[in-house]
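K.L.:
Here's a structure for you.
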Amino acid sequence: MTYSVLKSAISVADLGQSTVDVADTVSTVITAIRKRGDAAVREYSQEFDNWSPASFRLDAEEIERIMTEVPDQVIADIKQVQANVRRFAEAQRESLSDIEVETARGVRLGHRHIPVDAVGAYVPGGRYPLTASAHMTIVTAKVAGVPRVVACTPPIRGQIPQATVAAMHLAGADEIYLFGGVQAVAALAVGTETIRPVNLLAGPGNAYVAETKRQLFGEVGIDLFAGPTETLIVADGSADPFVAAVDLLSQCEHGPDSPAVLISTSREVALQVIEHIEKLLPGMPTRDFAERAWRHHGQVHVVETVSEAYALADRFAFEHVQILTQQPRDALNAMRNFGALFLGEGTCVSYGDKVIGTNHVLPTKGAARYTGGLWVGKYLKTVTFQEVTDRASSAALGELCGRASRVELFEGHARSGDVRAAKYSGTGLAWTEHAF
């Protein structure tokens with residue numbers, strides 16, 4: 001592959017930054033919550049968020065009061081977006097069928113999709129009230145049939161994020177807690193005196209939340225490990241450079257460590273994108289994050305063909321990949337490693353983040369090489385069952401089981417097959433002669 005680099009990312013070493021090791025802090029908090037439950041949750045909430053209400057859980061009366069204080073247009077928009085998310089999640093659920101097949105006479109095998117019993121949905125707060133994460137985690141879980149969805153979000157500068165609470169309530173959360181960070185995720189996973197533990201944790205978060213999920217994985221399930229937001233645009237000579245510039249910067253505002261990459265077959269388009277970005281950045285209200293993300297983690301590559309662009313994009317394996325080419329749907333067959341594809345100028349990553357209906361919890365840091373993002377199937381356990389009602393079939397399986405097990409020196413397994421072969425056909429081994 002022949003390509004040139006018009007802009008490179010700056011390495012962490014060159015930035016003079018050290019990797020923050022959060023593992024010890026997270027481990028300490030988890031251990032404290034295991035030992036001291038609610039008291040530890042309260043201490044850490046006060047320490048990290050200056051937040052210690054009488055109860056972290058919002059009761060029905062508080063929720064209704066909050067709902068009345070959210071503007072009508074905001075409520076209407078939340079309902080519309082959740083309808084979009086629900087519609088797509090329902091289509092996904094309908095694509096997952098229970099099956100039962102007869103593989104031999106009287107031998108029936110099948111699987112069932114069973115929802116997990118309880119999900120913890122983490123909705124990030126911090127700088128922004130991320131209502132969209134409530135749609136993605138809670139609505140999808142309820143469509144999957146999860147009977148208990150516990151949602152939590154942190155206060156924002158000591159205030160209740162009312163729109164987020166409204167989104168969690170309208171999405172169908174069964175319990176809503178106002179706390180965040182390590183203490184919230186750990187409390188949902190291990191449980192306290194007042195919080196019953198969940199079976200699976202879902203939702204994005206900062207480095208501490210991601211590390212908490214990593215340390216608790218196995219004890220509970222998780223959706224995936226989330227890192228900084230990533231976006232990549234593949235553009236040919238037909239692309240509008242201004243649109244590409246706007247779309248790249250839209251994702252840079254997620255955080256100062258969010259990489260944004262352009263791969264173009266046109267050097268002219270690539271240079272114009274860079275020029276537009278330089279003009280747009282000074283006027284961005286979120287310039288403090290967006291500019292650092294672009295300066296430190298932005299990249300621009302020029303390749304000769306669209307096929308080379310797709311191949312290079314696959315090597316990045318980013319969560320968001322936007323296709324601004326004359327034939328955008330070609331990417332569906334040409335690419336394999338991505339969290340979500342956004343095809344053509346009529347769509348954009350921001351639609352996926354906020355409104356269109358697909359899920360925005362997606363794999364980062366190369367995880368798109370082996371997994372997709374959060375979807376209705378993540379909340380389901382696909383379990384199998386077996387039934388043998390024909391005696392001759394069971395006897396034949398018993399003889400096969402005996403031989404296969406003894407190859408592996410598993411005599412106990414072999415004898416489970418032997419007894420059925422002997423009982424149903426009289427062909428068992430000598431040790432079973434007088435068993436029946």
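The values are calculated or read from the model by the stated rules, or taken from the named source; none is laboratory data. As the structure is a computational prediction, the values presented were derived from the model and not from experiment. Reconstructed Cβ throughout: ideal geometry from the backbone, glycine too, with neighbour counts over all protein chains shown. The accessibility values were calculated without ligands, DNA or RNA, using every heavy atom of the protein model including side chains. Shrake-Rupley method; radii C 1.70, N 1.55, O 1.52, S 1.80 Å.
K.L.:
Just order 266-279, 183-196 by mean Cβ neighbour count inside 10 Å, highest at the front, would you?
P.N.:
183-196, 266-279
K.L.:
Separate question: Any chance you could get the radius of gyration and Dmax over the Cα atoms of the stretch 289-436, in Å?
P.N.:
For the stretch 289-436, the Cα-based Rg and Dmax read 28.0, 82 Å.
K.L.:
Could you give me the radius of gyration and the Dmax of the chain, taking only the C-alpha atoms into account and expressing both in angstrom?
P.N.:
Spelled out, the Cα radius of gyration and Dmax of the chain are 26.6, 90 Å.
K.L.:
Let me ask something else about it. For Asp21 and Lys365, what does the FRET efficiency come to when R0 = 22 Å and r is the distance between their Cβ atoms, rounded to the nearest 0.05?
P.N.:
So, using R0 = 22 Å, E works out to roughly 0.85.
K.L.:
Here's a follow-up. How much length, in nm to one decimal, is gained on full extension between His111 and Glu304, taken as 0.36 nm per residue of separation minus their Cα-Cα distance?
P.N.:
Full-extension gain reported as 64.7 nm.
K.L.:
Right, here's the next one. Report, to one decimal in Å, the Kirkwood hydrodynamic radius for the stretch 90-152 based on all distinct Cα pairs.
P.N.:
Roughly 14.2 Å, rounded to one decimal.
K.L.:
Could I have the simple spin-label model distance between Glu43 and Lys279, label points 7 Å from Cα toward Cβ, reported in nm to one decimal?
P.N.:
So the two model labels end up 5.7 nm from each other.
K.L.:
Relative to the longest principal axis of the C-alpha atoms of the chain, give the angle of the C-alpha long axis of helix 72-94, reported between 0 and 90° and rounded to the nearest 10°.
P.N.:
40 degrees
K.L.:
Sorted by accessible area (1.4 Å probe), largest first, how do Phe289, Phe318, Phe242 line up?
P.N.:
Phe242, Phe289, Phe318
K.L.:
Give the whole-number value, in cubic angstrom per residue, of the convex hull volume spanned by the C-alpha atoms of the stretch 124-165.
P.N.:
Measuring per residue, one finds 57 Å³ for the Cα hull of the stretch 124-165.
K.L.:
Among 319-330, 350-361, how do they line up from the highest to the lowest mean number of other beta-carbon atoms within 10 Å?
P.N.:
The packing order, highest mean first, is 319-330, 350-361.
K.L.:
Order Trp294, Trp51, Trp375, most accessible first, counting only protein heavy atoms with a 1.4 angstrom probe.
P.N.:
Accessible-area ranking of Trp294, Trp51, Trp375, largest first: Trp375, Trp51, Trp294.
K.L.:
Under a point spin-label approximation (7 Å from Cα along Cα-to-Cβ), what is the Glu408-Leu6 distance to one decimal in nm?
P.N.:
5.7 nm
K.L.:
Next question, about the same structure. For Arg391 and Arg295 in the same chain, what is the full-extension length gain: residue separation times 0.36 nm, less their Cα-Cα distance, in nm?
P.N.:
27.4 nm
K.L.:
Across the Cα atoms of the stretch 100-256, what radius of gyration and what greatest pairwise Cα-Cα distance (Dmax) are found, in Å?
P.N.:
Reported Rg and Dmax, both Å: 19.5, 66.
K.L.:
Excluding same-chain residues fewer than 8 positions from Lys35, which lysines have a Cα within less than 21 Å of its Cα?
P.N.:
Within the straight-line cut-off, Lys35 pairs with Lys213.
K.L.:
Could I ask something else about it? When the solvent-accessible surface of protein heavy atoms is calculated with a 1.4 angstrom probe, in what order do Arg391, Arg93, Arg287 fall, highest first?
P.N.:
Arg391, Arg287, Arg93
K.L.:
If I compute solvent accessible area with a 1.4 Å probe over the protein chains, what percent of it on the stretch 185-297 is carbon and sulfur?
P.N.:
Of all accessible area on the stretch 185-297, carbon and sulfur atoms account for 54 percent.
K.L.:
Counting each DSSP H run of 4 or more residues in the chain as -39500 (n - 2.57), what helix-only mean residue ellipticity at 222 nm follows after dividing by all residues, to the nearest 500 deg cm²/dmol?
P.N.:
-13000 deg cm²/dmol
K.L.:
Over the Cα atoms of the stretch 202-270, compute the convex hull volume and normalise it per residue, giving Å³.
P.N.:
Output value, Cα hull per residue: 99 Å³.
K.L.:
Provide the packing ranking of 52-62, 338-348, i.e. peptides ordered by the mean count of other C-beta atoms within 10 Å per residue, highest first.
P.N.:
338-348, 52-62
K.L.:
If you don't mind, another one. Using Cα pairs closer than 8 Å and at least 6 residues apart in sequence, work out the relative contact order for the stretch 74-188, in percent.
P.N.:
Relative contact order comes out at 26 percent.
K.L.:
Once neighbouring chains are kept in place and the probe is 1.4 Å, which whole percent of the accessible area of the stretch 312-436 is contributed by carbon and sulfur?
P.N.:
On the stretch 312-436, the fraction of accessible area on carbon and sulfur atoms equals 52 percent.
K.L.:
Which whole-number percent gives the relative contact order of the chain, counting Cα pairs below 8 Å spaced six or more residues apart?
P.N.:
19 percent
K.L.:
Rounded to the nearest 10 degrees, what's the angle between the helix 241-252 long axis and the longest principal axis of the chain, both from Cα atoms, 0 to 90?
P.N.:
60 degrees
K.L.:
Continuing with the same structure: Multiply the residue gap between Thr68 and Thr31 by 0.36 nm, knock off their C-alpha separation, and tell me the result in nm, one decimal place.
P.N.:
Difference between extended and current length: 9.4 nm.
K.L.:
Quick check: pseudo-label points 7 Å beyond the Cα along Cα→Cβ at Phe225 and Gln80, how many nm apart are they?
P.N.:
Placing both labels 7 Å beyond Cα along the Cβ direction yields 3.9 nm.
K.L.:
Kindly report the accessible area of the chain per residue (heavy atoms of protein chains, probe 1.4 Å, no ligands, DNA or RNA), in Å².
P.N.:
Result: 48 Å² of accessible area for each residue.
K.L.:
Computed over the Cα atoms, what is the radius of gyration of the stretch 28-92 divided by 2.2 N^0.38 Å, N being its residue count?
P.N.:
The reported ratio for this selection is 1.67.
K.L.:
So what is the relative contact order for the stretch 277-436, in percent, with contacts set as C-alpha pairs under 8 Å and at least six apart?
P.N.:
Relative contact order of the stretch 277-436: 13 percent.
K.L.:
The stretch 141-167 to the stretch 351-395: how many Å between their Cα centroids?
P.N.:
24 Å
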